[in-house]
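> The following block contains the structure, expressed as C-alpha coordinates.
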Amino acid sequence: MSEQANKDNTARFYEEVFNKHSIEAVDELIHDDFREHVVLPPGMSDDKKGALTLFEQWFAAVPDLAATIDDMIASGDKVFVRSTISGTQTGEFLGMPPTGKSFSIGSMDIVRIQDDQAIEHWGIQDTMAMMTQLGLMPPPAGGEHDH
Amino acid sequence: VGGASVDIVRRIEEAWRDDDLDALDGLIAEDFSAHTPGSEDVPGLSGAKMAHQQSLQAFPDRQNHIQDIFGEGNRAIARVRMTGTNTGGLPWFGIPANGAKVDIEWITEFRLEDGKVVETWAQMDLPTMMQQLGAMPGPTM
(Lines give C-alpha, C1' and ligand atoms only; values in the text may rest on other atoms or scores of the structure.)
Protein backbone atom coordinates (compact mmCIF):
# COMPACT_ATOMS: atom_id res chain seq x y z
CA MET A 1 0.00 0.00 0.00
CA SER A 2 1.21 3.47 -0.75
CA GLU A 3 2.19 5.92 1.93
CA GLN A 4 -0.65 8.21 0.86
CA ALA A 5 -3.18 5.37 1.20
CA ASN A 6 -1.83 4.66 4.68
CA LYS A 7 -2.24 8.32 5.60
CA ASP A 8 -5.79 8.37 4.20
CA ASN A 9 -6.71 5.29 6.22
CA THR A 10 -5.24 6.79 9.37
CA ALA A 11 -7.05 10.10 8.84
CA ARG A 12 -10.26 8.15 8.37
CA PHE A 13 -9.68 6.39 11.69
CA TYR A 14 -9.43 9.75 13.48
CA GLU A 15 -12.57 11.08 11.78
CA GLU A 16 -14.74 7.98 12.15
CA VAL A 17 -13.52 6.81 15.55
CA PHE A 18 -12.40 9.86 17.56
CA ASN A 19 -14.87 12.32 16.07
CA LYS A 20 -17.88 10.19 15.09
CA HIS A 21 -17.44 7.53 17.79
CA SER A 22 -18.07 4.66 15.39
CA ILE A 23 -17.19 1.36 17.05
CA GLU A 24 -17.87 -0.27 13.65
CA ALA A 25 -14.99 1.80 12.24
CA VAL A 26 -12.68 0.49 14.99
CA ASP A 27 -13.65 -3.01 13.94
CA GLU A 28 -13.15 -2.23 10.25
CA LEU A 29 -9.87 -0.29 10.48
CA ILE A 30 -8.05 -2.45 13.03
CA HIS A 31 -6.48 -5.71 11.87
CA ASP A 32 -7.53 -9.01 13.46
CA ASP A 33 -3.87 -9.59 14.41
CA PHE A 34 -3.57 -6.11 15.98
CA ARG A 35 -0.93 -5.66 18.70
CA GLU A 36 -1.03 -2.76 21.18
CA HIS A 37 2.34 -1.64 22.55
CA VAL A 38 1.00 1.06 24.87
CA VAL A 39 1.33 0.09 28.55
CA LEU A 40 -2.24 -0.84 29.47
CA PRO A 41 -4.04 -0.90 32.79
CA PRO A 42 -4.42 -4.33 34.42
CA GLY A 43 -7.18 -6.40 32.84
CA MET A 44 -6.93 -4.73 29.42
CA SER A 45 -5.82 -7.02 26.60
CA ASP A 46 -3.29 -5.81 24.03
CA ASP A 47 -5.24 -7.14 21.04
CA LYS A 48 -8.13 -6.00 18.85
CA LYS A 49 -10.68 -6.99 21.50
CA GLY A 50 -8.91 -4.74 23.98
CA ALA A 51 -8.92 -1.85 21.50
CA LEU A 52 -12.68 -2.23 20.97
CA THR A 53 -13.25 -2.26 24.74
CA LEU A 54 -11.02 0.78 25.28
CA PHE A 55 -12.85 2.89 22.66
CA GLU A 56 -16.26 1.81 24.02
CA GLN A 57 -15.12 3.06 27.44
CA TRP A 58 -13.79 6.33 25.94
CA PHE A 59 -17.09 7.01 24.12
CA ALA A 60 -19.13 6.29 27.28
CA ALA A 61 -16.95 8.37 29.62
CA VAL A 62 -16.28 11.29 27.25
CA PRO A 63 -19.41 11.81 25.10
CA ASP A 64 -17.91 14.83 23.29
CA LEU A 65 -14.54 13.16 22.64
CA ALA A 66 -12.81 14.73 19.61
CA ALA A 67 -9.37 14.73 18.01
CA THR A 68 -7.58 17.10 15.65
CA ILE A 69 -4.67 15.87 13.55
CA ASP A 70 -1.84 18.41 13.88
CA ASP A 71 0.69 16.58 11.69
CA MET A 72 1.22 13.26 9.91
CA ILE A 73 4.37 11.57 8.63
CA ALA A 74 4.25 8.41 6.53
CA SER A 75 7.18 6.18 5.63
CA GLY A 76 6.99 2.61 4.40
CA ASP A 77 4.21 0.84 6.27
CA LYS A 78 4.22 3.28 9.21
CA VAL A 79 2.29 6.46 9.91
CA PHE A 80 3.05 8.93 12.69
CA VAL A 81 0.30 11.22 13.95
CA ARG A 82 0.61 14.22 16.26
CA SER A 83 -2.85 15.12 17.49
CA THR A 84 -4.81 17.06 20.08
CA ILE A 85 -7.46 15.06 21.93
CA SER A 86 -10.18 16.88 23.85
CA GLY A 87 -13.47 16.28 25.60
CA THR A 88 -15.44 16.38 28.82
CA GLN A 89 -15.16 13.46 31.19
CA THR A 90 -18.71 12.86 32.44
CA GLY A 91 -18.35 9.15 33.19
CA GLU A 92 -15.96 6.92 35.11
CA PHE A 93 -12.88 6.12 33.01
CA LEU A 94 -10.17 3.59 33.86
CA GLY A 95 -10.84 3.98 37.55
CA MET A 96 -11.02 7.78 37.44
CA PRO A 97 -14.28 9.08 38.94
CA PRO A 98 -16.51 11.27 36.75
CA THR A 99 -15.27 14.85 37.06
CA GLY A 100 -17.49 16.77 34.62
CA LYS A 101 -14.33 18.66 33.63
CA SER A 102 -12.85 19.20 30.19
CA PHE A 103 -9.39 18.36 28.92
CA SER A 104 -7.30 19.08 25.83
CA ILE A 105 -4.03 17.21 25.54
CA GLY A 106 -1.33 16.30 23.04
CA SER A 107 -0.89 12.79 21.71
CA MET A 108 1.82 11.20 19.60
CA ASP A 109 1.06 7.91 17.93
CA ILE A 110 2.69 5.50 15.48
CA VAL A 111 0.71 2.85 13.63
CA ARG A 112 1.93 0.14 11.32
CA ILE A 113 -0.51 -0.56 8.51
CA GLN A 114 -1.12 -3.86 6.80
CA ASP A 115 -3.98 -4.60 4.37
CA ASP A 116 -5.34 -1.05 4.91
CA GLN A 117 -5.71 -1.78 8.63
CA ALA A 118 -3.73 -0.86 11.74
CA ILE A 119 -1.80 -3.93 12.87
CA GLU A 120 0.51 -2.35 15.49
CA HIS A 121 0.26 0.78 17.63
CA TRP A 122 2.68 2.72 19.80
CA GLY A 123 1.61 5.94 21.45
CA ILE A 124 2.09 8.40 24.29
CA GLN A 125 -0.46 10.91 25.53
CA ASP A 126 0.11 13.80 27.89
CA THR A 127 -1.68 11.92 30.67
CA MET A 128 -0.20 14.14 33.37
CA ALA A 129 -1.82 17.20 31.75
CA MET A 130 -5.11 15.32 31.49
CA MET A 131 -5.08 14.37 35.18
CA THR A 132 -4.19 17.96 36.10
CA GLN A 133 -6.94 19.45 33.91
CA LEU A 134 -9.48 16.99 35.36
CA GLY A 135 -8.41 18.08 38.84
CA LEU A 136 -7.22 14.58 39.76
CA MET A 137 -3.63 15.67 40.31
CA PRO A 138 -1.97 18.88 41.48
CA PRO A 139 -0.14 20.89 38.78
CA PRO A 140 3.45 19.70 38.35
CA ALA A 141 6.18 21.65 40.08
CA GLY A 142 8.06 21.60 36.77
CA GLY A 143 11.47 20.25 36.01
CA GLU A 144 12.45 17.00 34.40
CA HIS A 145 11.94 16.47 30.74
CA ASP A 146 14.03 15.18 27.94
CA HIS A 147 15.04 17.04 24.82
CA VAL B 1 11.44 10.52 1.33
CA GLY B 2 12.88 12.27 4.35
CA GLY B 3 16.25 10.55 4.00
CA ALA B 4 18.34 13.60 4.93
CA SER B 5 16.08 14.42 7.89
CA VAL B 6 16.21 10.82 9.07
CA ASP B 7 20.02 10.79 8.90
CA ILE B 8 20.30 13.96 11.00
CA VAL B 9 17.78 12.75 13.57
CA ARG B 10 19.63 9.43 13.83
CA ARG B 11 22.89 11.32 14.53
CA ILE B 12 21.07 13.41 17.16
CA GLU B 13 19.60 10.39 18.94
CA GLU B 14 22.97 8.62 18.83
CA ALA B 15 24.60 11.70 20.35
CA TRP B 16 22.06 11.78 23.23
CA ARG B 17 22.48 8.02 23.68
CA ASP B 18 26.29 8.24 23.78
CA ASP B 19 26.32 11.44 25.91
CA ASP B 20 28.25 13.14 23.10
CA LEU B 21 26.59 16.50 23.68
CA ASP B 22 29.12 18.53 21.65
CA ALA B 23 28.00 16.62 18.54
CA LEU B 24 24.57 18.22 18.90
CA ASP B 25 25.80 21.76 18.22
CA GLY B 26 25.87 21.36 14.45
CA LEU B 27 22.61 19.44 14.33
CA ILE B 28 20.19 21.43 16.51
CA ALA B 29 19.71 25.20 16.34
CA GLU B 30 20.62 26.80 19.69
CA ASP B 31 17.27 28.62 19.82
CA PHE B 32 15.18 25.66 18.63
CA SER B 33 11.62 25.62 19.82
CA ALA B 34 10.74 22.60 22.01
CA HIS B 35 7.11 21.73 22.59
CA THR B 36 7.78 19.34 25.43
CA PRO B 37 5.67 19.43 28.58
CA GLY B 38 7.96 20.94 31.24
CA SER B 39 10.56 22.44 28.89
CA GLU B 40 9.28 26.02 29.09
CA ASP B 41 11.61 26.83 32.00
CA VAL B 42 14.79 25.70 30.28
CA PRO B 43 14.53 26.63 26.60
CA GLY B 44 16.91 26.03 23.73
CA LEU B 45 19.66 23.53 23.15
CA SER B 46 21.44 24.51 26.38
CA GLY B 47 18.22 23.81 28.27
CA ALA B 48 17.87 20.40 26.62
CA LYS B 49 21.48 19.58 27.51
CA MET B 50 20.82 20.62 31.11
CA ALA B 51 17.79 18.32 31.27
CA HIS B 52 19.92 15.51 29.88
CA GLN B 53 22.54 16.06 32.60
CA GLN B 54 19.81 16.08 35.27
CA SER B 55 18.53 12.79 33.94
CA LEU B 56 22.06 11.35 33.99
CA GLN B 57 22.44 12.40 37.64
CA ALA B 58 19.19 10.62 38.50
CA PHE B 59 19.99 7.52 36.43
CA PRO B 60 23.81 7.23 36.12
CA ASP B 61 23.46 3.80 34.45
CA ARG B 62 20.93 5.18 32.00
CA GLN B 63 20.82 3.58 28.56
CA ASN B 64 18.90 4.87 25.55
CA HIS B 65 17.71 2.41 22.95
CA ILE B 66 16.64 3.87 19.59
CA GLN B 67 13.57 1.81 18.74
CA ASP B 68 12.32 3.47 15.56
CA ILE B 69 13.22 6.40 13.29
CA PHE B 70 11.47 7.48 10.11
CA GLY B 71 10.63 10.68 8.29
CA GLU B 72 9.06 12.49 5.38
CA GLY B 73 10.30 15.71 3.82
CA ASN B 74 11.64 18.11 6.47
CA ARG B 75 10.21 16.15 9.43
CA ALA B 76 11.25 12.95 11.17
CA ILE B 77 10.31 11.10 14.33
CA ALA B 78 12.17 8.94 16.82
CA ARG B 79 10.82 6.49 19.39
CA VAL B 80 13.35 5.95 22.15
CA ARG B 81 13.33 3.58 25.12
CA MET B 82 15.25 4.49 28.27
CA THR B 83 16.27 2.07 30.99
CA GLY B 84 18.02 3.05 34.19
CA THR B 85 18.19 2.86 37.97
CA ASN B 86 17.33 5.78 40.26
CA THR B 87 20.52 5.92 42.29
CA GLY B 88 20.81 9.72 42.10
CA GLY B 89 17.32 10.95 42.94
CA LEU B 90 14.95 13.34 41.17
CA PRO B 91 14.77 16.28 43.59
CA TRP B 92 12.72 18.36 41.11
CA PHE B 93 9.97 15.72 41.53
CA GLY B 94 10.62 15.30 45.27
CA ILE B 95 11.84 11.74 44.69
CA PRO B 96 14.92 10.56 46.60
CA ALA B 97 17.39 7.98 45.28
CA ASN B 98 15.68 4.63 45.86
CA GLY B 99 17.23 2.07 43.50
CA ALA B 100 14.00 1.83 41.49
CA LYS B 101 14.38 0.66 37.91
CA VAL B 102 12.69 2.57 35.13
CA ASP B 103 11.93 1.36 31.63
CA ILE B 104 9.98 3.87 29.58
CA GLU B 105 9.60 5.28 26.10
CA TRP B 106 9.16 8.67 24.50
CA ILE B 107 8.40 9.87 20.99
CA THR B 108 9.88 13.05 19.50
CA GLU B 109 9.00 14.76 16.25
CA PHE B 110 11.69 16.98 14.68
CA ARG B 111 11.27 19.73 12.08
CA LEU B 112 14.38 20.71 10.16
CA GLU B 113 15.45 23.78 8.23
CA ASP B 114 18.73 23.94 6.27
CA GLY B 115 19.96 20.69 7.78
CA LYS B 116 19.31 21.66 11.40
CA VAL B 117 16.51 20.91 13.82
CA VAL B 118 14.55 24.09 14.55
CA GLU B 119 11.44 22.68 16.27
CA THR B 120 10.52 19.58 18.26
CA TRP B 121 7.43 18.06 19.83
CA ALA B 122 7.75 15.27 22.39
CA GLN B 123 5.69 13.11 24.69
CA MET B 124 7.23 10.97 27.39
CA ASP B 125 5.52 8.19 29.33
CA LEU B 126 5.79 10.06 32.63
CA PRO B 127 2.95 8.20 34.43
CA THR B 128 4.74 4.88 33.91
CA MET B 129 8.02 6.41 35.09
CA MET B 130 6.39 7.86 38.22
CA GLN B 131 4.82 4.48 39.00
CA GLN B 132 8.13 2.69 38.50
CA LEU B 133 9.77 5.25 40.80
CA GLY B 134 7.13 4.55 43.43
CA ALA B 135 5.94 8.16 43.31
CA MET B 136 2.45 7.47 41.98
CA PRO B 137 -0.08 4.80 42.89
CA GLY B 138 -0.84 1.87 40.54
CA PRO B 139 -1.73 2.20 36.87
CA THR B 140 -4.61 4.57 36.26
CA MET B 141 -4.35 5.01 32.51
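> Under the condition of being part of a loop (DSSP other than H, G, I, E, B) and closer than 20 Å to B:Ile107 by Cβ, which residue from region A:1-40 is modelled with the highest pLDDT?
Looking only at region A:1-40, we keep the residues that are part of a loop (DSSP other than H, G, I, E, B), and these are A:1-2, A:20-22, A:37-40.
Then drop every residue that is not closer than 20 Å to B:Ile107 by Cβ, which leaves A:37-40.
On the way: A:His37: 96, A:Val38: 92, A:Val39: 84, A:Leu40: 85.
Per the criteria, the residue is A:His37.
> Step by step: first the residues of region B:128-141, then only those that are at the interface with chain A (Cβ under 8 Å from one of its Cβ atoms) and in contact with a strand residue (DSSP E or B) (Cβ under 9 Å, 6 or more places away or on another chain), then the one that is modelled with the lowest pLDDT. Which residue is that?
Taking the candidates together, the pick is B:Met141.
> Still on this structure, I have one more. Can you pull out every residue in region A:92-122 that is of a type in the set (Val, Ile, Thr), in contact with a Ser or Thr (Cβ under 9 Å, 6 or more places away or on another chain) and either at the interface with chain B (Cβ under 8 Å from one of its Cβ atoms) or over 20 Å from A:Thr68 (Cβ atoms) (or both)?
Passing the criteria: A:Thr99, A:Ile113.
> Then there's this: Quick test of your reading of the structure: A:Phe34 fulfils all but one of (1) among the aromatic types (Phe, Trp, Tyr); (2) under 13 Å from the mean Cα position of the chain (by Cα); (3) within 22 Å of B:Asp125 (Cα to Cα). Name the failing condition by number.
(2)
> Further, regarding this structure: Condition check: free of Cβ contacts under 8 Å to residues at least 24 places away in the same chain and part of a loop (DSSP other than H, G, I, E, B). Does B:Glu30 satisfy that?
On the way: free of Cβ contacts under 8 Å to residues at least 24 places away in the same chain: yes; part of a loop (DSSP other than H, G, I, E, B): no.
Taking the combined requirement at face value, the residue does not satisfy it.
> Here's another thing I want to ask about it. So which residues in region B:51-89 are in contact with a helix residue (DSSP H, G or I) (Cβ under 7 Å, 6 or more places away or on another chain), buried (at least 16 other Cβ atoms within 10 Å of the Cβ) and hydrophobic (A, V, I, L, M, F, W, C)?
Correct list: B:Ile69, B:Phe70, B:Ala76, B:Ala78, B:Val80.
> Also, quick follow-up: If you go through region A:69-91 one residue at a time, do you hit one that is touching a Pro at 6+ places or on another chain (Cβ under 7 Å) and not in a strand (DSSP E or B)? First the steps, then the outcome.
Of the residues in region A:69-91, the ones touching a Pro at 6+ places or on another chain (Cβ under 7 Å) are A:89-91.
Pick out the ones that are also not in a strand (DSSP E or B) and you get A:90-91.
Scanning region A:69-91 turns up at least one residue that is touching a Pro at 6+ places or on another chain (Cβ under 7 Å) and not in a strand (DSSP E or B).
> Select from region B:90-118 the residues that are more than 11 Å from every other protein chain (Cβ to nearest Cβ) and part of a strand (DSSP E or B) and write down the one among them that is surrounded by the most Cβ atoms within 10 Å (Cβ to Cβ). Give the derivation first.
So the first thing to find is which residues in region B:90-118 are more than 11 Å from every other protein chain (Cβ to nearest Cβ), and the list is B:96-102, B:112-116, B:118.
Okay, now just the ones that are also part of a strand (DSSP E or B), so B:101-102, B:112-113, B:116, B:118.
Details: B:Lys101: 12, B:Val102: 19, B:Leu112: 23, B:Glu113: 11, B:Lys116: 15, B:Val118: 15.
Applying the filter and picking the extreme gives B:Leu112.
> While we're here: Within region B:8-27, track down each residue that is free of Cβ contacts under 8 Å to residues at least 24 places away in the same chain and not hydrophobic (A, V, I, L, M, F, W, C). It would help to see each step written out before you state the result.
Taking region B:8-27 as the starting set, the residues that turn out to be free of Cβ contacts under 8 Å to residues at least 24 places away in the same chain are B:11, B:15, B:18, B:20, B:22-23, B:25.
Within region B:8-27, B:Arg11, B:Asp18, B:Asp20, B:Asp22, B:Asp25 qualify.
> Residue by residue through region B:36-50, note down the ones that are in contact with a helix residue (DSSP H, G or I) (Cβ under 7 Å, 6 or more places away or on another chain) and either closer than 22 Å to B:Asp25 by Cβ or of a type in the set (Val, Ile, Thr) (or both).
Hits for region B:36-50 are B:Ser39, B:Val42, B:Leu45, B:Lys49.
> Which residue, of B:Gly73, B:Gly26, is among the small types (Gly, Ala, Ser), within 11 Å of chain A (Cβ to nearest Cβ) and more than 13 Å from B:Thr108 (Cβ to Cβ)?
So the residue among B:Gly73, B:Gly26 that is among the small types (Gly, Ala, Ser), within 11 Å of chain A (Cβ to nearest Cβ) and more than 13 Å from B:Thr108 (Cβ to Cβ) is B:Gly73.
> Given the residues A:Gly91, A:Gly106, A:Gly100, which is the only one that is under 11 Å from the mean Cα position of the chain (by Cα) and without any contact (Cβ under 8 Å) to a residue 60 or more places away in the chain? Break it down stepwise before answering.
Working: A:Gly91 fails: under 11 Å from the mean Cα position of the chain (by Cα); A:Gly100 fails: under 11 Å from the mean Cα position of the chain (by Cα).
Going through A:Gly91, A:Gly106, A:Gly100 in turn, the sole match is A:Gly106.
> Here is a follow-up. With the structure loaded, tell me whether B:Phe70 is in contact (Cβ under 8 Å) with a residue 60 or more places away in the chain and closer than 25 Å to A:Leu40 by Cβ or whether it fails that test. Before the answer, list the steps.
Details: in contact (Cβ under 8 Å) with a residue 60 or more places away in the chain: yes; closer than 25 Å to A:Leu40 by Cβ: yes.
Taking the combined requirement at face value, the residue satisfies it.
> Within region B:41-50, can you find the residues that are at the interface with chain A (Cβ under 8 Å from one of its Cβ atoms) and either assigned to a strand (DSSP E or B) or surrounded by fewer than 16 Cβ atoms within 10 Å (Cβ to Cβ) (or both)?
If the condition is that a residue be at the interface with chain A (Cβ under 8 Å from one of its Cβ atoms) and either assigned to a strand (DSSP E or B) or surrounded by fewer than 16 Cβ atoms within 10 Å (Cβ to Cβ) (or both), then B:Asp41 is the only one that fits.
The values are calculated or read from the model by the stated rules, or taken from the named source; none is laboratory data. The shown structure was predicted, so the numbers you read here are calculated from the model rather than taken from an experiment. Cβ: placed from backbone, ideal geometry, glycine included. Neighbour counts: every protein chain shown.
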